[in-house]
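The values are calculated or read from the model by the stated rules, or taken from the named source; none is laboratory data. Note that this is a predicted model, so its numbers are computed, not measured. FYI the Cβ positions are ideal-geometry reconstructions off the backbone, even for glycines, and counts take in every protein chain you see. Quick note on the areas: whole protein, heavy atoms, side chains included, nothing else; ligands and nucleic acids left out. Shrake-Rupley method; radii C 1.70, N 1.55, O 1.52, S 1.80 Å.
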Amino acid sequence: MGNEIPLEAHADFNKYINDGRQFLKNQAIEAAIQSFEKAFAIKGNAPELSFVLAKLLQVAGKPDKSDVYYKYSLALSPNNFEYLYDYMMHLVDTSRYTDAIEVLQRCIRLHPENAQLFNDMGVLHNALQNYSEAIDHFLNAFKINPDYLVPMINLGYLYVQTGEIGKADDILALCLKKEPQNSEINDLAKVIAAARSTTDSGMPVIRKELRFSDQSFQIVPMQILEKFGASISSGTIGLSIVIPVYNEEDNLPILCKELNETLKTLQQEYEIILVDDGSRDKSRDVMTALARDDKRIKVIFFRRNYGQTAAISAGFKYAHGDVIITLDADLQNDPADIPKLLQKMSEGYDLVNGWRKDRQDKMLSRKIPSMIANRIINKLIEGTNVQLRDFGCTLKAYKSGIVKNIHIYGEMHRFIPVFAAWIGVKVTEIPVNHRPRIHGTAKYNLSRVSRVIFDLIVVRFFSDYMTRPIQFFGKIAKRITGSGLFLLAVLSVCGLTHLLPVSLNTILILTALLFFTSMQLLTMGLIGELMIRFYFEVQKKDFYVVERILNDTEIA
Ligand code: UDP
Ligand code: MG
């Protein structure tokens, strides 16, 4: 799941990378390796770093350690052609041809049209003296690309080795027809001639190393480093602050000042992402001015008001940080709590939720509905192991992998912890400061309660019945039928005993209604099933989230 790197380690990581680069510039490979290894200890999920280490260790003459790092990078990016091919060549260097064949097969699966790979496959089989297979592969390479002569030359040498001089001659003729001036072909001609004379006089045949296609890039540490540097520098932002803004003109300057003061103390690269949710006051101008003066402030403008969840979701999309923090723009959340959230996160949590322990809002329209809503939510999500006291608090800290993997709609941003718990990450909460609103007005009223409850039904549906909608609708149909039948029975008894004036007609109509309702619910369930099939199968989506796979790079 995403980047699991604790924030305070980020600075160290960058330092080790830079040190390593410096060492390499001075050709101090051993020292560079040590520095990169320290960086790798902090951020073990960086396949490229692992690959660089593998290459460097190869240069340093430590094939065993190099092996480990190759395997790491391949476990992290199993389908990276470059890693696979270079690992294959590394296996060749250490004479592990059978393993090399296996890895090369994976390369071929990625690029089945690449004639060079078939040539290499032929060379490997030749090295293992599987001549008939080697011949097949060379011919295959030739079939794919008749202008690429390396496999044919190799085949010529192979025939010399196996003593089939006649066949070698045929191959030579074919090559000469294509490229009469090629020096490699002329070499082959000489070898064939020499072989003919030696076999005539009973001497052993000439063996020659066959030629690989040489697509792996040369081991030039500086070059690796440049490639590597490009991707590292883009990932140096440790922290992204995401803030939804709707008509908060007076709050924004104070908010940014408070944020900068707190964030400065963290000694982290950070970005503040303000998402303007179609404000109608001067907020847009204020934000434009703020962004002009401080490059760390980024602003996303919506065309119209889409709601707080949409704003937060856009912020998530454009955030670059390893850790993402959300808070309200109305100054009710206190930026000074951010270090506390991070502190808690460094204890091993993936999501830290703020809890407005001493909430500064109106009792009747805010606190009581929120209390009830939190109760209901907790009741409904009992099975997930997440129980929070304050889902509504926007001040939360997430590891970026979480928010990049969750899509939110409606009023759902408050349910991210539920989704997160559902995909199996560690969630906790800590008390945070809450301040009364001074500038601007609150945008919500009691009507939000019902919206939240509707979304909760969706959350519940998604977490438990997403893959089996018919179970969800079926359960409702079952309950309705049950209670309907019970009521009908009571009514019938009342009618028969003349306790109530219930006619047979009424009972018939009610029975029909009950029947139709249940049928309809079941049909809806079936339609739901159909749609879910589309959803997962068209997009080839998995309905589970794999945490990691050990050893088996093949599966992924
Ligand atoms: N907000 C938003 N779009 C909206 C309503 C609110 O982006 O349609 C923002 C608002 O600017 C504030 C946060 O969401 O930063 C919370 O809003 P508010 O303080 O009104 O809600 P409450 O604190 O009562 O949950
Ligand atoms: Mg507020």
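Numbers at a glance
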| read-out | value |
| --- | --- |
| Residue in the stretch 308-324 that is acidic (Asp, Glu), within 15 Å of ligand 2 (Cβ to nearest atom), at pLDDT below 95 and open to solvent by less than 60 Å² (accessible area, probe 1.4 Å) present | no |
| Failed item in (1) open to solvent by 20 Å² or more (accessible area, probe 1.4 Å); (2) away from ligand 1 (no atom under 16 Å from the Cβ), with Tyr409 passing the rest | (2) |
| Residue ID - nearest to ligand 1 (Cβ to nearest atom), chosen from residues in the stretch 421-441 that are of a type in the set (S, T, N, Q) and open to solvent by 60 Å² or more (accessible area, probe 1.4 Å) | Thr441 |
| Filter result (open to solvent by less than 70 Å² (accessible area, probe 1.4 Å), within 16 Å of ligand 2 (Cβ to nearest atom) and more than 28 Å from Val323 (Cβ to Cβ)) within the stretch 347-389 | Ser365, Arg366, Lys367, Pro369 |
| Members of the stretch 442-453 found to be in contact (Cβ under 8 Å) with a residue 24 or more places away in the chain and either away from ligand 2 (no atom under 16 Å from the Cβ) or open to solvent by 50 Å² or more (accessible area, probe 1.4 Å) (or both), listed by number | Ala442, Lys443, Asn445, Leu446, Val449, Arg451, Ile453 |
| Residue within the stretch 36-44 that is open to solvent by less than 20 Å² (accessible area, probe 1.4 Å) and over 25 Å from Gly321 (Cβ atoms) present | no |
| Selected residue (criterion: farthest from Thr506 (Cα to Cα)) from residues of the stretch 477-496 that are open to solvent by less than 90 Å² (accessible area, probe 1.4 Å) and in contact (Cβ under 8 Å) with a residue 12 or more places away in the chain | Ala477 |
| Selection count where residues are open to solvent by 10 Å² or more (accessible area, probe 1.4 Å) and within 16 Å of ligand 1 (Cβ to nearest atom), scope the stretch 331-346 | 3 |
| Residue match in the stretch 74-85 (condition: of a type outside the set (S, T, N, Q), at pLDDT 90 or above, out of contact with any helix residue (DSSP H, G or I) (no Cβ under 6 Å at 6 or more places or on another chain) and assigned to a helix (DSSP H, G or I)) | no |
| Those residues of the stretch 282-307 which are open to solvent by 100 Å² or more (accessible area, probe 1.4 Å), within 14 Å of ligand 1 (Cβ to nearest atom) and over 29 Å from the mean Cα position of the chain (by Cα), in sequence order | Lys282, Arg303, Arg304 |
| Where a residue in the stretch 353-368 is more than 12 Å from Ile430 (Cα to Cα) and its partner, wherever it lies, is at pLDDT below 90 and in a helix (DSSP H, G or I), with Cβ under 9 Å and at least six apart | Arg359/Arg366; Arg359/Lys367; Arg359/Ser370; Asp361/Lys367; Asp361/Ser370 |
| Failed condition for Glu429, given (1) charged (D, E, K, R); (2) away from ligand 2 (no atom under 16 Å from the Cβ); (3) more than 32 Å from the chain's Cα centre (by Cα) | (3) |
| Pair list, Cβ < 6 Å and 6+ apart or interchain, from the stretch 369-395 residues that are of a type in the set (D, E, K, R) and at pLDDT 90 or above to residues that are open to solvent by 20 Å² or more (accessible area, probe 1.4 Å) and not in a loop (DSSP other than H, G, I, E, B) | Arg389/Trp355; Asp390/Trp355; Asp390/Arg356 |
| Any hit, the stretch 454-476, residues being over 17 Å from Leu521 (Cα atoms), open to solvent by 50 Å² or more (accessible area, probe 1.4 Å) and more than 29 Å from the chain's Cα centre (by Cα) | yes |
| Residue satisfying all of: in the stretch 442-465; farther than 15 Å from Phe415 by Cβ and among the aliphatic types (A, V, I, L, M); nearest to ligand 1 (Cβ to nearest atom) among these | Ala442 |
| Residues satisfying the stated conditions in the stretch 93-144, i.e. in contact (Cβ under 8 Å) with a residue 40 or more places away in the chain, under 26 Å from Val59 (Cα atoms) and not aliphatic (A, V, I, L, M) | Arg106, Gln116, Asn119, Asp120 |
